[in-house]
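The values are calculated or read from the model by the stated rules, or taken from the named source; none is laboratory data. Predicted model, so just to flag it, every value in this text is computed and none were measured. As a convention, Cβ positions derive from the backbone with ideal geometry for all residues, glycine included, and neighbour counts pool all protein chains shown.
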Amino acid sequence: MYCPYITGLETNGVDLADAEALPSRAAAPLAGVGKSTVNRHRAGICTCGQPETPEPIGRRDSVELGESGGSFVYHTADPEPIKNWDDVLTKLGVDPSAWAVVSKTVKVSRWEQSARAKDGSRDRVWLSAYRAQIAPKRDDAVTDSDIEAARTRIQGWQLPRRIPGTGIGAPVAAVLNLADIQGGKDAGGGVAATEQRLYDGLENFNAWVGRQRAGGRNIEELVIVNNGDPYEGCAGNYDGQLFSVELNLRGQMNFVLDVWGAYARELYPQFDKGQFVSVLCNHSEMGRFGGRKNQTNDADSGGAFLAESLQRILQGRPEFDHVKFTIPNDEMNVYADISGVPVGLNHGHKIPGNDATGFEKWLNGQARGDRKAWEAKVWITAHRHNFQCFDLGSTTVFQCPSADGGSKWLRDMTGKFSRSGILAMLIGQHDPLGWSDPVFL
């Protein structure tokens, strides 16, 4: 056991036999202790005369236990941390089948102590004191092993690796077209019905992507397109507009931001890459001031302003770091590289006619001064509130359906109508046409 006199002599390099030949008064300074400490040692009543034990004098194990729990103090010379508390509880007289150690309350302190063996030699040992709370065992309690098993499961989570060349095809993009929402319009059930159609479209698109992936499509990118006319406006587009809309301009713009924000929040984190592409249009021209024509310029666009607002809202948020925005200034044609396929987009209000003949005539003129118009392998347009698709040889043209509630004026005048909906498709180099699997949602 530890003896200040012996330890002091050893520390100062003094031989015990030489010190013992001196009087207590002379030996005490050699060990750095008092004369009484030397006298106790020589009288055989100091700690080194006690039996060999790993436990420090004055430190004893103890347990306090009540109906709802308790605590304990346990000492040991075992240097290994305690992992199984059943043996400890048994030594303390506590039934380990009925009581458990609350692991988060365990505290341990350690200290070094000198000990003398029976042969007179000395060594040093480390002692430990554990303090912890005890609680009754519950059948439904979450144990340490439960937590460890859950951590192992979670650490083993791994998303499917959709790697090109492993039998699941080339990477492709899912393109979601939000065309002619015209938020605030009263037709077809008004704002409430438009909101429901857009929510249904979000659910249907998510389910469609799931089916495509389950079928082996390697969809790594999402492209959300504002194909134009996201809100109705309040005046200047047609007679009686001011008295038929359900929302003022501020309400309409907030409606669009809410919808776009929900689509972005729910969809972009599911993809490795993302794009938001916006086009200019007629209903959101901000410079009309109630007139039929825009009195400022084409860049004065509410749709472009909302796209820039969405970009600012998502900026700096890590779940949207992979999203690229394409927002025109005053250009009517917008171009995007979608999974390696050049795609042209516009609202369509500058294109004459209502079918492939009008579009082909328009495209022939565009190609004379715009090389990108000629290079586009896919064109996506809107404005005419009905779905069309035609093959022009060098390009495929998709005309999107509208997400609004239809036009009472058109039906009254002509009897014509078309179904509201959202157009989605896959675009990529997985197909010779550059696209596949179009769906009306």
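Being assigned to a loop (DSSP other than H, G, I, E, B), more than 22 Å from Asp229 (Cβ to Cβ) and assigned by TED's automatic domain parsing to the domain that holds Ala179 is a property that does not hold for Pro352. Here the condition is being over 22 Å from Pro230 (Cβ atoms) and modelled with pLDDT of 95 or more; of Lys416, Lys361, Lys377, it holds for Lys377 alone. Looking only at residues of region 188-229 that are of a type in the set (Val, Ile, Thr) and outside any helix (DSSP H, G or I), we find that the one that is nearest to Ser418 (Cα to Cα) is Val225. Listed by first and then second residue, the pairs with beta-carbon distance under 6 Å, at least 6 apart or on different chains, first residue in region 420-439 and charged (D, E, K, R), second modelled with pLDDT of 95 or more, are Asp437/Leu426.
From the list Asn329, Asn333, Asn346, the one residue that fits, being modelled with pLDDT of 90 or more, polar (S, T, N, Q), over 27 Å from Ile219 (Cβ atoms) and under 35 Å from the mean Cα position of the chain (by Cα), is Asn329.
A single member of Val73, Val14 is part of a loop (DSSP other than H, G, I, E, B), modelled with pLDDT of 80 or more and either in contact with a Lys or Arg (Cβ under 7 Å, 6 or more places away or on another chain) or not assigned by TED's automatic domain parsing to the domain that holds Lys104 (or both), and it is Val14. Of all the residues in region 170-223, those that are modelled with pLDDT under 85 and either not small (Gly, Ala, Ser) or not assigned by TED's automatic domain parsing to the domain that holds Ser278 (or both) number 3. Among the conditions (1) buried (at least 20 other Cβ atoms within 10 Å of the Cβ); (2) over 19 Å from Ala403 (Cα atoms), the only one that Gln252 does not satisfy is (2).
Listed by first and then second residue, the pairs with beta-carbon distance under 9 Å, at least 6 apart or on different chains, first residue in region 325-338 and touching a residue at least 60 places away in the same chain (Cβ under 8 Å), second crowded, with 19+ Cβ neighbours inside 10 Å and in a loop (DSSP other than H, G, I, E, B), are Ile338/Gly434. Tell me whether region 277-287 contains one or more residues that are at negative phi, crowded, with 21+ Cβ neighbours inside 10 Å, in contact with a Lys or Arg (Cβ under 8 Å, 6 or more places away or on another chain) and at pLDDT 95 or above. No, region 277-287 contains no residue that is at negative phi, crowded, with 21+ Cβ neighbours inside 10 Å, in contact with a Lys or Arg (Cβ under 8 Å, 6 or more places away or on another chain) and at pLDDT 95 or above. Tally up the residues in region 318-340 that are out of contact with any helix residue (DSSP H, G or I) (no Cβ under 6 Å at 6 or more places or on another chain) and among the hydroxyl-bearing types (Ser, Thr, Tyr), please. Counting residues in region 318-340 that are out of contact with any helix residue (DSSP H, G or I) (no Cβ under 6 Å at 6 or more places or on another chain) and among the hydroxyl-bearing types (Ser, Thr, Tyr) gives 2.
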